[in-house]
1. Please work out which one of (1) in contact with a helix residue (DSSP H, G or I) (Cβ under 6 Å, 6 or more places away or on another chain); (2) modelled with pLDDT of 80 or more; (3) surrounded by fewer than 19 Cβ atoms within 10 Å (Cβ to Cβ) is the condition residue 158 fails and give its number.
2. Is it true that residue 117 is farther than 15 Å from residue 196 by Cβ and surrounded by fewer than 19 Cβ atoms within 10 Å (Cβ to Cβ)?
3. Quick check on region 57-74. Is at least one of its residues assigned to a helix (DSSP H, G or I), modelled with pLDDT under 90 and farther than 21 Å from residue 167 by Cβ?
4. Somewhere in region 75-84, is a residue crowded, with 19+ Cβ neighbours inside 10 Å and modelled with pLDDT under 85?
5. Let me spell it out: the conditions are (1) outside any loop (DSSP other than H, G, I, E, B); (2) closer than 14 Å to residue 195 by Cα, and residue 110 meets all of them except one. Which number is the exception?
6. Could you count how many residues in region 26-42 are at pLDDT 90 or above and surrounded by 15 or more Cβ atoms within 10 Å (Cβ to Cβ)?
7. Return the residues of region 120-131 that are at pLDDT 85 or above and over 18 Å from residue 192 (Cβ atoms); say none if nothing qualifies.
8. In the set 193, 141, which member is over 13 Å from the mean Cα position of the chain (by Cα) and farther than 30 Å from residue 75 by Cα?
């Protein structure tokens, strides 16, 4: 037995457990995108970008809620600063996750640029999105918290005696939800034609 065959037989049992589900997901995405003819590759990239965005949203909301229930509880004093800081940290965690997944999964053919340069462009695009998001969340977390409490109260899912901290946390999550989707569309198009403009 040659050494290469021996290496292959040893490596296979230790292949990453996620390889098969990712391969199936890639095949599924490819089948969907092929229906779009000559735009198939862009559709495939958009679907992958959206999936990465959903993973990023989980990281984002998870980090936000962990911070708001532990270190940065949205209560007085410094309520606005705590909301902004928790949102900013959650954003940074999500962008880091998104950059890694997009570089190695969505745009694996876009590695002609050095990783530092690409990361800088990616963070710049996402920082502009974050500025919009911080403004959007800051502007709307209080009214959206009030609306959220009213809706949940009407549905019988929550009583009206919610603490101001819990109402602010609910409002932050609702505002963040809408902001994430708006910013995802911005991020896809600007990153596609600037950060990853070296792909065909």
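The values are calculated or read from the model by the stated rules, or taken from the named source; none is laboratory data. Quick caveat, the model's predicted, so the values are computed rather than measured. All Cβ positions, even for glycine, are placed from backbone atoms using ideal geometry, and neighbour counts span all protein chains on display.
1. Looking at each condition in turn, residue 158 falls short on (2).
2. Details: farther than 15 Å from residue 196 by Cβ: no; surrounded by fewer than 19 Cβ atoms within 10 Å (Cβ to Cβ): yes.
Here the answer is no, as residue 117 does not meet what is asked.
3. yes
4. Step one: filter region 75-84 for residues crowded, with 19+ Cβ neighbours inside 10 Å, giving 82-83.
Subsequent filtering for residues that are modelled with pLDDT under 85 retains 82-83.
Checked region 75-84: at least one residue is crowded, with 19+ Cβ neighbours inside 10 Å and modelled with pLDDT under 85.
5. (1)
6. 2
7. Residue satisfying the conditions is 131 alone.
8. Working: 141 fails: farther than 30 Å from residue 75 by Cα.
Only one candidate qualifies: 193.
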